[in-house]
Amino acid sequence: MKKVLLFLLILWLLPVGGGMVFAQQYTGMNGLIHVPSAEMDTIETLRFGVHALPVDMMPDEMRFEGEKYASSNWYISATPLKWLEAGYSFTLMKFRKNLNPNSDEIGFYSKDRYFSVRVRPLNEGRYWPSVVIGGNDVIGQRDGDSKSFYFRNFYVAASKHLDLPFGILGGHLAYRKWEKSYNSRWNGVVGGLTLRPSIYTPLRAIAEYDGEGFNIGTDCVLFRYLQLQASLIKCRSLSVGAALRIELR
């Protein structure tokens with residue numbers, strides 16, 4: 001109940017600024033919450049951010065002494081061209097200090113680093129959706145026995161928007177394939193809906209299915225430069241993120 005109340009408080013606080021934004025995914029890429037979309041940010045935009053990852057968003061093999069744990073992603077991403085987005089992220093990993101099994105000091109002493117990229121070959125038109133091809137943790141040799149590539153996945157996504165009297169309704173559908181079998185619960189067809197209410201278009205409500213469960217959330221840009229997202233993963237685990245958003249032109 002405390003998490004739900006905190007989530008509702010964040011929803012109430014968000015609409016106090018201006019600026020359109022096409023979302024913040026936990027990897028730093030544009031998307032919904034845990035699902036990719038075919039939306040792109042404004043050209044020549046940089047984002048520096050952090051996103052809290054609850055246990056429900058963590059890969060099953062990212063464990064400390066047999067137990068899954070919550071963590072956070074830190075990232076920098078950019079949209080240098082209207083059809084290209086790229087980013088670099090790292091996820092904090094929990095260990096005993098200096099990897100000493102006898103150490104009593106436990107903390108986030110390591111990082112899982114990876115690059116993400118998205119390419120949009122088709123822009124949205126009146127009768128067709130936009131299409132994006134992308135992936136996370138895309139650089140590195142394919143190695144089925146490697147303990148890295150925790151977040152490696154590839155996808156094709158499509159997005160289409162309708163301008164309705166009460167706001168802009170977006171439909172998003174993607175097919176996603178994760179590298180590691182322990183992430184297979186997120187494989188297959190995923191997608192969701194977004195709504196920008198006409199009374200305040202910088203605010204966006206999100207509902208999605210990520211292959212395992214349903215997530216709900218919202219995001220907004222405050223004072224043009226601060227981008228926020230709040231969500232409930234599986235409608236129970238609170239996840240929040242913030243980013244500094246800089247338009248270079």
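The values are calculated or read from the model by the stated rules, or taken from the named source; none is laboratory data. Bear in mind the structure is a predicted one, so any value in this text is a computation, not a measurement. Note that we place each Cβ from the backbone using ideal geometry, even for glycine, and neighbour counts take in every protein chain shown. Side chains are part of the model used for accessible areas, which takes the heavy atoms of the whole protein and leaves out ligands, DNA and RNA. Shrake-Rupley method; radii C 1.70, N 1.55, O 1.52, S 1.80 Å.
Out of segment 73-95, which residues are among the aromatic types (F, W, Y) and either buried (at least 19 other Cβ atoms within 10 Å of the Cβ) or part of a loop (DSSP other than H, G, I, E, B) (or both)? If the condition is that a residue be among the aromatic types (F, W, Y) and either buried (at least 19 other Cβ atoms within 10 Å of the Cβ) or part of a loop (DSSP other than H, G, I, E, B) (or both), then Y75, W83 are the ones that fit.
Identify all residues within segment 48-72 that are basic (K, R) and in contact with a helix residue (DSSP H, G or I) (Cβ under 8 Å, 6 or more places away or on another chain); write none if there are none.
Selection gives K68 alone.
State whether one or more residues within segment 159-174 are assigned to a loop (DSSP other than H, G, I, E, B) and either surrounded by 16 or more Cβ atoms within 10 Å (Cβ to Cβ) or not basic (K, R) (or both). Within segment 159-174, one or more residues are assigned to a loop (DSSP other than H, G, I, E, B) and either surrounded by 16 or more Cβ atoms within 10 Å (Cβ to Cβ) or not basic (K, R) (or both). Considering L193, L203, the condition of being touching a residue at least 12 places away in the same chain (Cβ under 8 Å) and open to solvent by 50 Å² or more (accessible area, probe 1.4 Å) is satisfied by L193 alone. Looking across segment 175-190, just one residue is in a strand (DSSP E or B), touching a residue at least 40 places away in the same chain (Cβ under 8 Å) and out of contact with any Lys or Arg (no Cβ under 9 Å at 6 or more places or on another chain), and that is R176. R224 meets the stated requirement of being on the phi > 0 side of the Ramachandran plot and out of contact with any helix residue (DSSP H, G or I) (no Cβ under 9 Å at 6 or more places or on another chain). Could you tell me whether segment 207-222 includes any residue that is among the small types (G, A, S), outside any strand (DSSP E or B), open to solvent by 10 Å² or more (accessible area, probe 1.4 Å) and under 18 Å from M29 (Cβ atoms)? Yes, some residue in segment 207-222 is among the small types (G, A, S), outside any strand (DSSP E or B), open to solvent by 10 Å² or more (accessible area, probe 1.4 Å) and under 18 Å from M29 (Cβ atoms). Residues in segment 54-72 that are free of Cβ contacts under 8 Å to residues at least 40 places away in the same chain and either open to solvent by less than 20 Å² (accessible area, probe 1.4 Å) or within 13 Å of F90 (Cα to Cα) (or both): M58, Y69, S71, S72.
Residues of segment 111-141 that are open to solvent by less than 40 Å² (accessible area, probe 1.4 Å) and farther than 26 Å from H172 by Cβ: D112 alone. For segment 191-206, residues that are farther than 18 Å from L222 by Cβ and in a strand (DSSP E or B) total 5.
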